[in-house]
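Shown next, in structure tokens, is the structure this report addresses.
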């Protein structure tokens, strides 16, 4: 598989935020979200075997591992990696755009499904049947860049009754939508969601590999 980076940091997103975590960032993504902050993972990377990736993860000695991208599921080896991590006793998170089927993802993995809002430019890529495959521990994320994004996301949550099944996260685009503004909208609408700020950027700045 092609790997952009493997690093140890503080988990900055989802309800797992704040915990030390090892990240395996796979290379490649078919989407081009306007606000993407990991464009360096679109191409390049290093070819690594499954044992090499597992060895790199093991050296950090951290029980929580997230496989991310890019879009990790574009690599056919991703499923094998996820299962191998679970077999070794790790708590495993998968961050996925929702544009690739999650049908073959190991049920032991916690899937964080990132549904694309209108301002991402990739809303048409949402694979809605992925919602039907979510398990109770999985989470749904909306990255919100504007009031239009917020209203679309909230309508989606309510029409599909998402909050009754899973944790729903609203995350403001870093440097574009003020977190306090988003929080105000959520409070005014009694929205059944959690606001999420990218904690790793608060701690370390907007740089890669953290």
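The values are calculated or read from the model by the stated rules, or taken from the named source; none is laboratory data. These numbers come from a predicted model, not from an experiment. A quick note on method: Cβ atoms are made from the backbone with ideal geometry, for glycine too, and the neighbour counts reach across all protein chains shown.
Points worth noting:
To keep it simple, each residue is scored yes or no on (1) exposed (fewer than 13 other Cβ atoms within 10 Å of the Cβ); (2) in contact with a strand residue (DSSP E or B) (Cβ under 8 Å, 6 or more places away or on another chain); (3) without any contact (Cβ under 8 Å) to a residue 24 or more places away in the chain; (4) not in a helix (DSSP H, G or I).
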{"site": "136", "(1), (2), (3), (4)": "yes, no, no, yes"}
{"site": "148", "(1), (2), (3), (4)": "yes, no, no, no"}
{"site": "155", "(1), (2), (3), (4)": "yes, no, yes, no"}
{"site": "169", "(1), (2), (3), (4)": "no, yes, no, yes"}
{"site": "183", "(1), (2), (3), (4)": "no, yes, yes, no"}
{"site": "186", "(1), (2), (3), (4)": "no, yes, yes, no"}
{"site": "201", "(1), (2), (3), (4)": "no, no, no, no"}
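- Restricting attention to the stretch 19-29, the residues being in contact (Cβ under 8 Å) with a residue 60 or more places away in the chain and over 15 Å from the mean Cα position of the chain (by Cα) number 0.
- Apart from one condition, residue 125 fits all of (1) closer than 30 Å to residue 177 by Cβ; (2) buried (at least 19 other Cβ atoms within 10 Å of the Cβ); (3) more than 12 Å from the chain's Cα centre (by Cα); the exception is (2).
- Of all the residues in the stretch 107-122, those that are more than 16 Å from the chain's Cα centre (by Cα) and in a loop (DSSP other than H, G, I, E, B) number 3.
- Residues being part of a loop (DSSP other than H, G, I, E, B), at pLDDT 95 or above and under 22 Å from residue 17 (Cα atoms) - total across the stretch 70-88: 1
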